[in-house]
Amino acid sequence: MSNPVLTSYPKEKINILFLENISNKAVQAFKQHGYANVKQINGALSEQELIDAVKDVHLLGIRSKTQITEKVLAAATKLQAIGCFCIGVNQVNLKAATKKGVVVFNAPYSNTRSVAELVIGASIILIRKILDKNNAAHKGIWMKDAKGSFELRGKTLGLIGYGNIGSQVSVLAESFGMKVIFYDEVTKLPLGNAVVCKTLKELLSNADVVSLHVPETEQTKNLINKQNLKYFKKGSILINYARGEVVDLEALSKALKEEHLSGAAIDVYPLEPEKNGDSFTTPLQGLNNVLLTPHIGGSTEEAQQNIGEDVSSKLFQFLERGITSGSHSVPAIALPPIETAHRILHIHNNVPGVLSAINTTLSEHKINIVGQYLKTNDLIGYVVLDVDKKLSKKAIDLLREVKATIKVRLLY
Ligand code: NAI
């Protein structure tokens, strides 16, 4: 399908600001798409620096350190979209972004595979007692024996949480010959030969390796506690690459010292240092057969590249087609391109009567609507209108006057 003629604001005039060393690949992708005006700043900026920097910016790219506050959004009068080139969006005041009609994208699943691979790797290291052997070898001690070292094949992996990561681990584990059981609060389709457990207790008392893949919520806080640790099989292994609050580390430390569990791999902690080089403590430090890592489950070069590609493509889809799938602020609309009409994006406060006002105004001026898509959330509504090409300029002017309008943009 050929590209429709672009009539919107020229791409080379769209001001793009990328902070926090967003990968050069993303910058190149924007330039290749015709967005020549990309400015890069290496670190994060303070609130005041940001307020000064965003005044003329149409598109802002950040990672997890830049705080997008209500004041920053108020100063960013031209801002259309924020691309969070990371997994989360909690650094953005989403309510304020929504009220301003600023689309917010991220890349929630880009590091799924990185975590899943490491869970399998950690399982092998622990079940083979590699940590002991590695420690001994570093001290010049030869520790060649098979006692207490096992294969993953034939063992049972219990996954708590069968979402994006849990289900990936499920697939990888089966290819290693493991039996997979899982427990999820939501009904999930088992992949391969995985089997659902009806209760957490059922899972814990049957698994040789238990791996956590749940979010941090009220329900998952201290899910693995003194009581639940008693249900674990003797000699089993716990892996937590999910969130620190999910495991009571004091209780886990006790279970390991009593050799009820034979090992653990922990990547996430209730309190994590802010930056590299900061010290941190956990009750698990110094315990044999405990693999400690500094929240790097999803940190790979591939994940970084996936993040760049995922967020860039969401931003292109929005800038060039009006598609908001994956947005955390403006309601998500996925829609086909159209070549026979011009497309207008209209974002408004979600109050009764806006759609009817749009339709009345346009029909009064004999502007034919070829296609119309609407989605709302609690705060705002997003309407995409495909209108007669000859009358699109007029339509834009009329739509700006509609009550409760936040933003109007002619796309093409
Ligand atoms: P997801 O949202 O796709 O899956 C989570 C699953 O947990 C869902 O199926 C949900 O129904 C289930 N769940 C929620 N509450 C539950 C409960 N109380 N009991 C049983 N099941 C429950 O999330 P995803 O992407 O698989 O991530 C899982 C975890 O991994 C998250 O905590 C995430 O923050 C963490 N993570 C850690 C990384 C690291 O670097 N260590 C990197 C990426 C994610």
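The values are calculated or read from the model by the stated rules, or taken from the named source; none is laboratory data. All values reported here derive from a predicted model rather than from experimental measurement. Cβ sites come from the backbone with ideal geometry, for glycine too, and all protein chains shown count toward neighbours.
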Can you tell me how many residues within region 297-345 are surrounded by fewer than 15 Cβ atoms within 10 Å (Cβ to Cβ), at pLDDT 95 or above and within 16 Å of the ligand (Cβ to nearest atom)?
0
Reported set for region 127-149 where residues are of a type in the set (A, V, I, L, M, F, W, C) and farther than 22 Å from Asp208 by Cβ is Ala136, Ala137, Ile141, Trp142, Met143
Tell me, please, whether a residue that is within 16 Å of the ligand (Cβ to nearest atom) and either farther than 23 Å from Gly381 by Cβ or aliphatic (A, V, I, L, M) (or both) can be found in region 71-84.
yes
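May I ask you to verify whether Ser329 is of a type in the set (S, T, N, Q) and in contact with a Lys or Arg (Cβ under 9 Å, 6 or more places away or on another chain)?
Yes: the conditions hold for Ser329.
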Condition first: within 11 Å of the ligand (Cβ to nearest atom) and either touching a Pro at 6+ places or on another chain (Cβ under 7 Å) or part of a loop (DSSP other than H, G, I, E, B) (or both). Can you find one or more residues in region 111-123 that meet it?
yes
Kindly evaluate Asp145 against the criterion of being of a type in the set (Asp, Glu) and more than 16 Å from the ligand (Cβ to nearest atom).
yes
So which pairs qualify, if the first residue must be in region 167-178 and without any contact (Cβ under 8 Å) to a residue 60 or more places away in the chain, the second must be surrounded by fewer than 22 Cβ atoms within 10 Å (Cβ to Cβ) and of a type in the set (Lys, Arg), the Cβ gap must be under 6 Å, and the two must be at least 6 apart or on different chains?
Gly177/Arg153; Met178/Lys155
For Ser253, are the conditions met, namely being among the hydroxyl-bearing types (Ser, Thr, Tyr), touching a Lys or Arg at 6+ places or on another chain (Cβ under 8 Å) and either surrounded by fewer than 22 Cβ atoms within 10 Å (Cβ to Cβ) or farther than 30 Å from Ile68 by Cβ (or both)?
no
Which of the following residues is within 28 Å of the chain's Cα centre (by Cα) and within 23 Å of Thr220 (Cα to Cα): Val186, Val171?
Val186
Under 6 Å between Cβ atoms, which residue pairs at least 6 apart in sequence (or on different chains) link something in region 218-229 that is of a type in the set (A, V, I, L, M) with a partner that is more than 9 Å from the ligand (Cβ to nearest atom)?
Ile224/Val247; Leu229/Ala251; Leu229/Ala255
Please verify whether Gly101 is within 30 Å of Ile333 (Cα to Cα), within 15 Å of the ligand (Cβ to nearest atom) and not hydrophobic (A, V, I, L, M, F, W, C), treating the condition exactly as stated.
no
Counting only residues in region 203-214 that are touching a helix residue (DSSP H, G or I) at 6+ places or on another chain (Cβ under 9 Å) and either small (Gly, Ala, Ser) or surrounded by fewer than 21 Cβ atoms within 10 Å (Cβ to Cβ) (or both), the one nearest to Asp184 (Cα to Cα) is identified as Ser211
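Here's the yes/no breakdown for (1) farther than 24 Å from Arg409 by Cα; (2) more than 18 Å from the chain's Cα centre (by Cα):
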{"position": "Glu20", "(1), (2)": "yes, no"}
{"position": "Lys31", "(1), (2)": "no, yes"}
{"position": "Val57", "(1), (2)": "no, yes"}
{"position": "Arg63", "(1), (2)": "yes, no"}
{"position": "Asn90", "(1), (2)": "yes, no"}
{"position": "Ala97", "(1), (2)": "no, no"}
So which pairs qualify, if the first residue must be in region 285-304 and within 25 Å of Asn164 (Cα to Cα) and touching a residue at least 40 places away in the same chain (Cβ under 8 Å), the second must be more than 8 Å from the ligand (Cβ to nearest atom) and assigned to a strand (DSSP E or B), the Cβ gap must be under 6 Å, and the two must be at least 6 apart or on different chains?
Leu291/Ala265
When the residues of region 138-179 are narrowed to those that are among the small types (Gly, Ala, Ser) and surrounded by 13 or more Cβ atoms within 10 Å (Cβ to Cβ), which ends up nearest to Asn193 (Cα to Cα)?
Ser170
Read through the list (1) under 16 Å from Ala116 (Cα atoms); (2) not in a loop (DSSP other than H, G, I, E, B), then give the number of the only condition that Gly297 fails.
(2)
Answer with yes or no whether Ala264 is touching a helix residue (DSSP H, G or I) at 6+ places or on another chain (Cβ under 7 Å), at negative phi, of a type in the set (A, V, I, L, M, F, W, C) and not in a helix (DSSP H, G or I).
yes
Looking at Ala76, Ala96, can you tell me which residue is within 19 Å of Ile406 (Cα to Cα), in contact (Cβ under 8 Å) with a residue 12 or more places away in the chain and either surrounded by fewer than 20 Cβ atoms within 10 Å (Cβ to Cβ) or aromatic (Phe, Trp, Tyr) (or both)?
Ala96
Looking at Asn135, Asn106 in this structure, which one is touching a residue at least 60 places away in the same chain (Cβ under 8 Å) and within 16 Å of the ligand (Cβ to nearest atom)?
Asn106
